1. Counting alpha carbon pairs within less than 8 Å and at least 6 residues apart, what relative contact order, in whole percent, applies to the chain?
2. Which of the listed residues, Leu296, Ile704, Ile274, is farthest toward the dipole's positive end in the chain, when Lys, Arg count +1 and Asp, Glu count -1 at the beta-carbon?
3. Compute the long axis of helix 262-293 from its Cα atoms, compare it with the longest principal axis of the Cα atoms of the chain, and write down the angle in degrees, 0 to 90, nearest 10.
4. Quick one: which residues, 5+ away or cross-chain, put their amide H under 5 Å from the amide H of Phe615? H built at 1.01 Å from N.
5. More than 23 Å apart: what percent of Cα pairs in the stretch 1-83 qualify?
6. Any chance you could list the semi-axes, whole Å, largest first, of the equivalent ellipsoid that the Cα gyration tensor gives for the stretch 562-631, using √(5λ)?
7. Tell me, Kirkwood radius of the stretch 1-153 from alpha-carbon pair distances, in Å?
8. Magnitude of the Cβ-charge dipole of the stretch 85-145, K/R +1 and D/E -1, about the Cα centre, nearest 20 debye?
Amino acid sequence: MDVSKKLLIVTFTMFALLTVLLIVASHTILLSSFSNLETRDTLKNTEKIEQAIAWEALSIDRTARDWAYWDDTYEFVNTLSPEYIESNLEENTLYDLDLNVMLFINKSGVMVYPMSVDLVNRTNSPVPAGLLERIDSGLLTTRGNEDYIQGVILLEEGPMLIVGRPILVSLEEGPSAGTLILGKYIDSSYITSLEERTQSSLSLYTLNEEMPPDFQDAFDEAVIGDGGAVNILEDGRVAGYFILRDPAGDPVALMRTDYPRDLYAQGKKSLIYIYCFLLLSGIVIGTATKFSLDRLLVSRLIAIDSFLEKVKREKDTSQQLEVEGEDEIHRLSKGINEMLSSIRLAEQELKSREYEKKFILDSLEEIVVLRDPSFNILWANKAAFKNEDLLMVEAKELTSNSPQAADKDIIQKLLYSQAPGWTDQEFTSSEGKTWLLRSKPVCDEAGDTIAILQTGVEITERKNYEIELFRAKQDAEVANHTKSEFLANMSHELRTPLNSIIGFSDLLYEKVYGELNVRQLKAVGNISGSGKHLLNLINEILDLSKVEAGSFELHYSTFWLAEVFAEVRDMLFPFAASKGIKIEFEIENRLPRVSADRERIMQVLSNLMTNAVKFSNENGCVKVKAKQSNDFIQITVSDEGIGIAAVDHEKLFKPFSQIDSSSSKKYQGTGLGLALVKEIVQLHGGSVWFESEAGKGSTFGFLIPLSDRGE
């Protein structure tokens, strides 16, 4: 498939994917926007219905205020004057006020005069029993001049919108003479009139009747959200819901208003136009892009490809490629012309290099030979011809079937490209010299062997050195094995009597066998101390030998560093107290537990702190600090002692090496402690360092990982 077809596929694929992406994004974003807009519009229309009911309640409340804040009404509740009834409470009063009930209640909560009518049939009707019960219970009576009752109550006859005001004089002054209750049923006739006024479809369900599923879902949502709710109905209409509440604020009914989904349908129709526009735009832009790329790029690349095919076919590098323009393709054509010129120069240089190569190979002391697959010599340098007898022996051994002949597998390895590496063979001449002959197949592009390259170099001295090195290695292994056996035997042989000496001297010192005088106690103490020092020395030598042999093992556990510090401090306290040296510990807060070999970390701390106390001046101070540094624990031990001169820094951490200065000769030691410290820390995956200056003290520190790196 040529570039033009590939470009066509890629271009239209990209624009198709881009168009699909835009369509999906438009569908998701715009449809969601239309849905949100429809929801907001529905809620807005629902609020209008809710406002209409609120205005109805406000109208009833104005009527209640006109009747309740009137001197005649105030007097009527107290006197039940017939003149008030004849002049104000006529039969058509409630019809004129468009109310179902008007109740006068005195300040004792007793209904003194009721009026109740059926507005639909225009007949008198009894006061609803549920309304009387609420009056008797005091739920619908006012107690103060500022009290106000408004809400919907559920009655057997249906939900009723109730408004109540305290009965006061015309100046709205008290005390209150009672309560005036006005009510109007929210029945089918009211809902029908509300539909006509709001040009909407309304439905009402109370809590004491079974609600349809959409009402129940909307009721739960409205109660949780303390507001309205919106649902999409099965018949393709959108509905808004709001709650009607009683005077106490509790929900008693749910009203629904539904509308056709005109806004959403218009949005979907607009989306279809957008899809068509995007699809058409993608096709037009993709086609224009394809033709532009063909003219500006593909046709010129095809010209370059045709030119290169011609050069390859004619093998004429003197031709020049001409491409118009001043862009990257034009610069590419110039580069191709320069490359062809370079190839011509390279052909000329190749001939001169062939001569140089022959000259260099002839100047080598090593043998270089090129053979055909039948091991006939095609070319050899001068060094090869100087050892012509050796070459003949090599050829004979490689092709004969004599017992001294080369293994047939070697010949096969040289003939087949599956084994293109070097094959080494050693030959010993009649003069006793050893030669190393290396052979490697030379393959063509198809992988067939076309020649075999051989090189030869005299390795007599190297062979003698290898033999001596092998013998020395054997001698070293024997010596190391002997040393290990000696240390094992000596450690056993020395530890057994030393443990007895230490044990019995400690028993004598503790007066287990009887009382001892002062001189005897001192002598026994010296015996025990010297024995323990000697046992410690043997243990250090044995540990160092294990490290050198690679058999030193760590036993990891998790522990608090503060516990180790406390044990080492208690162990060194007598020694430090004898010199009046104070040991201070500084441990970082919230330092985590350490995973390491607890005994070996104690050994490291003990060696460093012992050296610090040993080389400190009397009444000095040794400071030990521990803190976390990334995933490591950093511990430093500082003293104010004699310090270490710069010329002696190289001697530290070497086994059996001590500082050779007059100031240190008086201190005992084997030179093994710091060497063991370094090895133990490095086995933990850490590092050791120090800072010191003569006469100013020293600081030794080390880092160990928080956890076992081998886990």
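1. Working: 985 pairs, mean separation 48.6, N = 711.
With pairs under 8 Å counted, the relative contact order is 7 percent.
2. Of Leu296, Ile704, Ile274, it is Ile704.
3. Result, in degrees: 30.
4. none
5. 66
6. On the way: eigenvalues 108, 35, 19 Å².
They are 23, 13, 10 Å, listed largest first.
7. Details: mean 1/r = 0.0470 Å⁻¹.
Averaging 1/r across every pair of different Cα atoms and inverting gives 21.3 Å.
8. Working: 4 positive and 8 negative charges, 72 e Å.
That gives the stretch 85-145 a dipole magnitude of about 340 debye.
The values are calculated or read from the model by the stated rules, or taken from the named source; none is laboratory data. The model shown is predicted, which means the values in this text are computed figures rather than measured ones. Every residue, glycine among them, receives a Cβ derived from its backbone with ideal geometry; neighbour counts consider all protein chains shown. Surface areas here come from the heavy atoms of the whole protein model, side chains and all, with no ligands, DNA or RNA. Shrake-Rupley method; radii C 1.70, N 1.55, O 1.52, S 1.80 Å.
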